[in-house]
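The values are calculated or read from the model by the stated rules, or taken from the named source; none is laboratory data. Computed from a predicted structure; not experimentally measured. Cβ placement follows ideal geometry from the backbone for every residue including glycine, while neighbour counts extend to all protein chains displayed.
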Amino acid sequence: MVSTTPDVRPSNPRFSSGPCAKPPQWTLDKLADAPLGRSHRAAVGKSKLAAAIDETREILGIPADYRIGIVPASDTGAVEMAMWSMLGARPATMVAWESFGAGWVTDVVKQLKIEAEVKTAEYGRIVDMASLDYDTDVVFTWNGTTSGVRVASGDAIPSDREGLTICDATSAAFAQDLPWDKLDVTTFSWQKVMGGEAAHGMLILSPRAVERLESYTPAWPLPKIFRMTKGGKLIEGIFKGETINTPSMLCVEDYLVALDWAREVGGLEGLKARANANAQAIWDFCDARDWIANLAEDEATRSNTSVCLKFTDERVKDGAAFAKAVAKRLEKEGVALDIGAYRDAPAGLRIWCGATVETSDIEAMLPWLDWAFEAEIAAQAEAA
Ligand SMILES: Cc1ncc(COP(=O)(O)O)c(C=O)c1O
């Protein structure tokens, strides 16, 4: 029974799954070099945008023949752009094990009305990636942010596939290995593992994705912000930093600052190690208690970024109300902000463990979770 509050508080209580914590030691004045009030098409703007692309390639180890574009509307914009531009050339397989994947299913089946096989799994589980037909276009989410379940590896994706793989990797990029040779379209936004700002999406295309764009014209009209070809040829400028419309140069600067920090902590390996250490601290905490558990059933699929937890204590009567009350207590104490489970996910908590979160802050927060749990159990008994 923990009745007194712990002595130590996290120095940063921001554990939101997006927008995520800024990199440690981040301050607004780090953005002083942003070319504000200048055209993004001026040399200075273009060079910043090109640097964002080049440094992304370097840190993520993206092959030289893959295109990387900065596109409108955050990760959603990048996924939509890919689906609306490329799907329809062949049947699709839509894979979903949480709410964002389910959103892509709706788009393809109800809006685009493409012939599609839909494969889903309940929250906490995953679809068997080896069971999919890769001669269709496969759309999936690498890391299910709202269920804390991730693809363990890309081994099941054949190298000689006929279809394209379109992968929403927004809460995986910079924290998990992404097998570029198995991914034709990959998307993410700056607001997740890098702690950047939302509103800009990253769209990464394999040569096969480009081939699709240049050889296939969808039957439906495409708005300007989705168009990546002109006269049947890829608009190469988009992938050199000549964005389709105006980006925020303040956000670009912020992403560049985050990329600098990423290099300082050891690049992709360093970022992965930070997320792994954060998640491990929570996994160990759960292993030592019988009242809380990871939502992900299979250890190999446990996310190291969006760690989703469920309360398993039999004394918990109304799971949703209980989890909300625990999250509220932690928020009120200022020790953990925004850690309630996603609105469509099972009741519980979701604690972001991406690289910008300090392991010391996770470790300082966990005793508070003990405290909040006990306090809420007591409150529930009192109310009964
Ligand atoms: C897996 C996944 N896909 C898409 C999105 C939407 O991202 P954005 O709001 O950056 O467009 C999110 C946001 O949390 C996400 O987690």
Subset of region 236-267, residues part of a loop (DSSP other than H, G, I, E, B) and either buried (at least 20 other Cβ atoms within 10 Å of the Cβ) or out of contact with any Asp or Glu (no Cβ under 8 Å at 6 or more places or on another chain) (or both), comes to G241, E242, T243, I244, N245, T246, P247, V265, G266
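Each row is one residue, and each column tells you yes or no for (1) assigned to a helix (DSSP H, G or I); (2) more than 14 Å from the ligand (Cβ to nearest atom).
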| residue | (1), (2) |
| --- | --- |
| G77 | yes, no |
| M83 | yes, no |
| G101 | yes, no |
| V109 | yes, yes |
| V118 | no, yes |
| V127 | no, yes |
| T146 | no, no |
Restricting to region 323-368, give me the number of residues that are on the phi > 0 side of the Ramachandran plot and either free of Cβ contacts under 8 Å to residues at least 40 places away in the same chain or out of contact with any helix residue (DSSP H, G or I) (no Cβ under 8 Å at 6 or more places or on another chain) (or both). 1
Go through region 238-261 and give me each residue that's aliphatic (A, V, I, L, M) and closer than 14 Å to M202 by Cβ. I238, I244, V252, L256, A258, L259
Determine which single condition A293 fails, assuming it passes every other condition in (1) in contact with a Cys (Cβ under 7 Å, 6 or more places away or on another chain); (2) surrounded by 24 or more Cβ atoms within 10 Å (Cβ to Cβ); (3) not in a loop (DSSP other than H, G, I, E, B). (2)
Would you be able to say whether some residue in region 151-158 is farther than 20 Å from A355 by Cβ, of a type in the set (A, V, I, L, M), in contact with a helix residue (DSSP H, G or I) (Cβ under 9 Å, 6 or more places away or on another chain) and within 15 Å of the ligand (Cβ to nearest atom)? no
When the residues of region 310-321 are filtered to those that are assigned to a helix (DSSP H, G or I) and hydrophobic (A, V, I, L, M, F, W, C), which remaining residue is nearest to C286 (Cα to Cα)? A320
Restricting attention to region 351-367, and to residues there that are surrounded by fewer than 24 Cβ atoms within 10 Å (Cβ to Cβ) and in contact with a Pro (Cβ under 7 Å, 6 or more places away or on another chain), which single residue is farthest from N12 (Cα to Cα)? P367
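This table checks each residue for (1) assigned to a helix (DSSP H, G or I); (2) more than 28 Å from the chain's Cα centre (by Cα); (3) modelled with pLDDT of 95 or more.
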site	(1), (2), (3)
A323	yes, no, yes
A327	yes, no, yes
R343	no, no, no
A355	no, no, yes
I362	yes, no, yes
D370	yes, no, yes
A378	yes, yes, yes
Does region 201-209 contain at least one residue that is surrounded by 19 or more Cβ atoms within 10 Å (Cβ to Cβ), within 16 Å of the ligand (Cβ to nearest atom) and assigned to a loop (DSSP other than H, G, I, E, B)? no
